[in-house]
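Student: A single structure is presented below for examination.
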Amino acid sequence: MKTIGLISANYGSSSFGDLLENRTLASLPYGGRYRLIDFALSNMANSGITTVGVIAPYNSGSLIDHIGDGSEWSLGRKNGGLFLMPGSAFGVQSRGSRFLLRDLLKNIKFFERDDADYVIMSGSSDVWNIDFEPLIKQHSKTDKPITMVYKKVPKGEDYHGYFLNIDDSGKVADIRTESFGWSNYFTDCFIVDRDYMLDFMNWFGALEYMDMIEIMRTNMETMDIATFEFKGYLGKIKNPSDFLKVNQAMSDYDIRNEVFCNPERQIYTKTQDEAPVFHLPEADVRNSVISAGCVIEGRVENSIIFRSVYVGKGAVIRNSVIMMHGEIGDGAVLDNVIADKYVKINEGVKLYGGGGEPIIIGKEKTI
């Protein structure tokens with residue numbers, strides 16, 4: 001069955017402060033070399049989906065620069081390929097919002113002009129590696145127009161978004177915004193019959209200011225929704241604390257192997273070559289990811305260091321994310337800090353963030 005993909009990148013959160021001042025959440029750097037949208041694009045490409053639309057916000061400069069024509073994901077094609085589509089000016093929505101109906105209506109021709117059977121809809125801020133082929137196969141065997149992807153999580157109270165109440169037949173009985181204990185957490189991903197998607201936009205067009213999932217939630221008596229369980233690693237990023245934790249998960253051997261080391265489902269990104277890391281004799285690196293081009297003289301613990309970062313002699317970086325071209329002066333101490341690109345920390349400066357509220361330093365700032 002022919003399937004096309006649509007990735008929503010027109011959302012963010014005010015909690016990220018300066019990190020999203022000039023970029024969308026989808027183009028936020030991750031893991032030393034990636035951007036968050038790399039995962040959604042790679043999941044589509046690795047599942048044989050060759051027509052992918054990306055709904056972009058008004059501040060999409062960094063996103064456009066990163067994904068280009070989609071060649072890195074084999075989407076630079078004459079037939080199908082990557083379509084960058086405009087989103088509305090109302091991209092920052094309420095909790096859990098990903099699929100604003102106004103954005104979908106604005107790009108209805110993406111659905112109309114294709115003859116695909118199904119559309120996979122995905123958010124763009126999750127770190128995961130999923131094969132969509134089993135989802136497509138299961139959906140094709142049901143008589144339901146929508147199948148929502150979920151993951152069982154042990155502590156629903158620690159998550160933000162939507163939760164699925166699933167009946168004995170595997171159908172969605174209810175969609176909730178709060179849950180406790182073991183819960184079925186919606187992964188911001190679902191597959192829908194293309195014809196039904198067009199009907200949906202026609203039926204609920206007057207509610208264009210609402211999110212598609214919220215419309216489904218408030219009209220459950222008319223909805224017939226199947227479910228598909230994802231059992232792998234899912235790194236959800238809804239706030240800076242999540243961003244820090246999901247970055248630090250890169251140092252976990254099992255998670256790193258699952259997400260990045262499957263030869264049949266690689267995570268692709270824009271290639272940028274750098275020289276190898278240079279560790280000076282004083283360097284002390286523990287449980288961290290250090291990217292190419294870095295020069296390390298100090299101590300780095302439980303942290304992610306992006307390309308071409310300099311860590312000075314006697315400097316200490318703990319539980320932090322330092323993005324590209326950062327400069328950490330001699331004797332500086334950073335603990336629970338997220339520093340954007342080209343940040344300079346002067347000699348001897350000490351910054352300590354709380355575990356739940358890391359300190360955020362905007363692009364090109366000097367402290």
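FYI, it's all coordinate maths here, none of it is from the lab. It should be emphasised that the depicted structure is a prediction, and the values quoted were computed from it without experimental measurement. Cβ sites come from the backbone with ideal geometry, for glycine too, and all protein chains shown count toward neighbours.
Student: Note down the nm distance, to one decimal, between modelled labels 7 Å out along Cα→Cβ at N219 and at R77.
Tutor: It works out to 3.1 nm between the two label points.
Student: Now for a different question. Output the relative contact order of the chain, whole-number percent, from Cα pairs under 8 angstrom with separation of 6+ residues.
Tutor: Reported relative contact order: 16 percent.
Student: Go through region 184-277 and name the GluC sites (Glu not before Pro) that are in a DSSP coil and have 10 or fewer other Cβ atoms within 10 Å of their Cβ.
Tutor: Of the GluC sites (Glu not before Pro), the ones in loops of region 184-277 whose Cβ has at most 10 other Cβ atoms within 10 Å are E264.
Student: What base-10 log of the normalised intensity I(q)/I(0) is obtained for the chain from the Debye formula, alpha carbons as equal point scatterers, at q = 0.09 Å⁻¹?
Tutor: Once normalised to I(0) and log-transformed, intensities are -0.51.
Student: Can you spot the aspartates and glutamates whose alpha carbon is less than 13 Å from K344's alpha carbon? Ignore those fewer than 8 places along the same chain.
Tutor: The qualifying aspartates and glutamates are E327, D330, E364.
Student: Determine, at each q value in 0.12 (inverse angstroms), the log₁₀ of I(q)/I(0) that the Debye formula gives when each Cα of region 278-346 is one equal point scatterer.
Tutor: Here the Debye-derived log intensity ratios amount to -0.21.
Student: Can you give the calculated 222 nm mean residue ellipticity of the chain, where each DSSP H run of n ≥ 4 adds -39,500 (n - 2.57) and the sum is split over every residue, rounded to the nearest 500 deg cm²/dmol?
Tutor: So the helix-based figure for the chain works out to -5000 deg cm²/dmol.
Student: For a 22 Å ceiling on Cα separation, which of these pairs sit above it: K2/K141; K106/K141; K141/K171; K106/K152; K238/K350; K137/K231?
Tutor: Exceeds cut-off: K106/K141; K106/K152; K238/K350.
Student: Between N336, N165, N46, find the one with the highest GNM mean-square fluctuation for the chain; connect C-alpha pairs within less than 10 Å.
Tutor: Looking only at N336, N165, N46, the biggest GNM fluctuation is shown by N165.
Student: So if each residue of separation counts as 0.36 nm, and I subtract the Cα-Cα distance between K171 and T142, what length gain in nm does that give?
Tutor: This chain segment gains 9.4 nm when fully extended.
Student: Quick one: dipole size for region 97-139, taken about the Cα centre, charges +1 on Lys/Arg Cβ and -1 on Asp/Glu Cβ, in debye to the nearest 20.
Tutor: Taking the Cα centre of region 97-139 as origin, the dipole is about 280 debye.
Student: Okay, next question. List residues of region 6-49, by number, whose backbone nitrogen lies under 18 Å from a label position 7 Å along Cα→C-beta of L198.
Tutor: 6
Student: Something else now. Would you please give the FRET efficiency between N262 and D69, computed as 1/(1 + (r/R0)^6) with r the Cβ-Cβ distance and R0 = 22 Å, to the nearest 0.05?
Tutor: 0.30
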